[in-house]
Each structure stands twice: as structure tokens, then as C-alpha cells.
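Below: one structure, written as C-alpha cells.
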Amino acid sequence: MTAEPLRTTDGAALRVETQPSLPGLGGLYARGAAASGRIAAGRALPSLPIIGTGRTASDRPADHAAGGDLLTLPDVAYRVPGVTTADLARHLHEYQRLLHEPVGDVLPAGYLHVLVFPLATAVMVRGDFPLPLLGMVHLRNVVELRGPVRLGDVLEVRAWAENLRAHRRGVQVDLVTEIRPDDAKGNPDPLWRGVSTYLAKGFELPGSRSSTSGAGEVPRGYDSATAGTTSRGETWLPPLPTGRWALGPGTGRAYGAVSGDRNPIHLSALSAKAFGFPRAIAHGMYTAARALADVGHVRGDAYRWTVEFAKPVLLPGTVDMAITPETDGFAYVGWNARRHRQHFSGAVTPL
């Protein structure tokens, strides 16, 4: 079953596939692990068939002869209509208490990300998605909320991938998710829109070996950086803090229980060490949503919320926070006070 046509930000047409419901993350991660293994095997053994293409990795067209990976995003958007929120009260209130949001019937922008994230993940575990889910590095998020979403609202959710481009450490891609009222009747403007940017290290686009794209991006938890400097090598001096978070060792497990994101790097020191971390790390979206909550009611019902991730927050740990009023909204930054190491930064701008 298909819905009305949809296009990416740059105008490329997408086939819309309607799904019966939002998927669960557990099964998606299992599929993602298997797909990541197939992609790794295909790169190591180029004579193997590429899943979903009918080609092998060595069957490159002429314009790939100069080098670079054969990467094409699926031209598909997933759509789930009739997403009910009336039965989410308990889950919403658990999220609000954990993230220090006021408890009520309004779904914060961070909670809406939790709601739609599984559909974006479903796009990333398709057989024709060219990048491995495992090892994908979360760089940033840009969210626009155009008005309040409340318990009882019935929603339509969409997700797709777009804007595959070079990064100095590999390639980056945007996963776009949108929420509309289920009875929008063709209204082109989403009520909520989120763009999550990810990095796949070690991949190349044709002719992009000298690219230095993304000069200001620091992948979360994977790249070394000198304490007290920005990603451009400039000295960074933290502002006066306006708050401090004391995050216990169970912070990752608590957010994982609410969000469904039970990645081992967040759950315990033992499981995180298997992936090269000295201790468990906090979810990036936990820290971003906690900062959004700290901005408070002054953000209004409609706002633009951005975050860029830098060094991970090790658990247990302490994060100093500063929220600074600006001409058009609020800037925020979180850092390690002992090492002057930035964890994340962003802005909240009323619309």
C-alpha cells in the first residue's frame, strides 16, 4: 500500500511505503547487526553479492573507477498513520520525570524523538541501506516543533534517509523524521520535524578522498580530541555554569528503559568496555533532552532545537551546564569541569 508522493529536501522523489505500526527497537537492532556484518563482508570480499542490488562490490560503474564506495540511499520513505498517543500517559510521565520536564499531557520535543526513532532505525536496517548500523556515530540533531502535541492526539509519522555526503572521516547521512496530525489532509508542513546526522567512518564517495567536509563536527565518543580545545584546535574556555548534573551509573539503563535504546555502550562498564569505552556513556539524546528541559517554559510551544555532540559523558559523571540568553533564544553547552572538555552544545530558538 502506498501514500501520496514525497520528496527529499533537495527534491528527489521518494516511494512512500505505509507500515502498519511503529516497529520495536529490539528486533531492529538484531537486523542491524546482521546487515552490518553483511556490509563488512561485502567490503572485505568484493566478489560477494551486495544484498538487494544484484551486483557485486567489484561491479562498479565507470564513474566509480576513480575510487570510492558504491553508495546509494534507498529511495523510500516509511509512513505510519494512525499512531495513537492516548495510551502513552504512563510512559510519557516516566520520561518527563527522568528528563526533569514538567509532568503533564504535552509531549516534549525530546519525547517525540523517542516516539519516532524506531521508524528511522527501520530505514537504516533495510537491505538496500548502504551503511552499517553498528558503529554509526551520532553527530547532531536539528528539530523543529511547530506547536504542542498532546496526549490523545492521533499522528502520522514518516521517516527516510537523504543527503549522503563526504566527511573527513568517512561519509555522513541525514535521517529525517516527521510528525503530522493524522487528519492533516495533505498539509505539507509537519508539526514536528527532526533531522539526525550520522557518520559512517571509513567509507568514501567517488572523488572525495581530499574532502574536509564537516570541519566543526566531533563524532560522539569515537574521535580523540585535546582537552580544552574545540574541533578546530582553538582554545575553548567554558562559561560560568548555571547548573550541574550528577549522573549516576544507572543513567544509561534508565534512559534505555524509557527510550528502548539499549545499546551496550550505555548499560554498564562491562558491556561498554567491549566497545572500547572505559565506562558506560550517557545517551547523547538524554543529554540533549535534559538541556532542553533546563531551558524550561521560556522556550514556548514552538521552537527550533539543535545539538552537536562532542566528547561522551562517562557514567557515573558530573556535567557542568550553562544556558545563555541570546537575541533570538538560548544557547547551551555542557562540559567536564575538571578537564574543560566539551560534551555537547546547542541552541533553543522560539519560532
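Please treat every number below as a calculation from the coordinates, not as lab data. Source: prediction; values computed, not measured. Reconstructed Cβ throughout: ideal geometry from the backbone, glycine too, with neighbour counts over all protein chains shown.
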The alpha-carbon center of the range 273-351 and that of the range 112-165 are separated, in whole Å, by 20 Å
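In debye, nearest 20, what is the charge dipole magnitude of the range 243-350 about its Cα centre with +1 on Lys and Arg Cβ and -1 on Asp and Glu Cβ, if you could check? Intermediate results must be reported in sequence, preceding the final value.
Values: 12 positive and 7 negative charges, 118 e Å.
In total the dipole reaches around 560 debye.
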Please label the shape of the range 119-189 as rounded, prolate or oblate, based on the square roots a ≥ b ≥ c of the eigenvalues of the alpha-carbon gyration tensor (a/c under 1.5 means rounded; beyond that, a/b larger than b/c means prolate, else oblate). prolate
Long-range tail of P(r) for the range 243-350 (Cα pairs > 22 Å, %): 33 percent
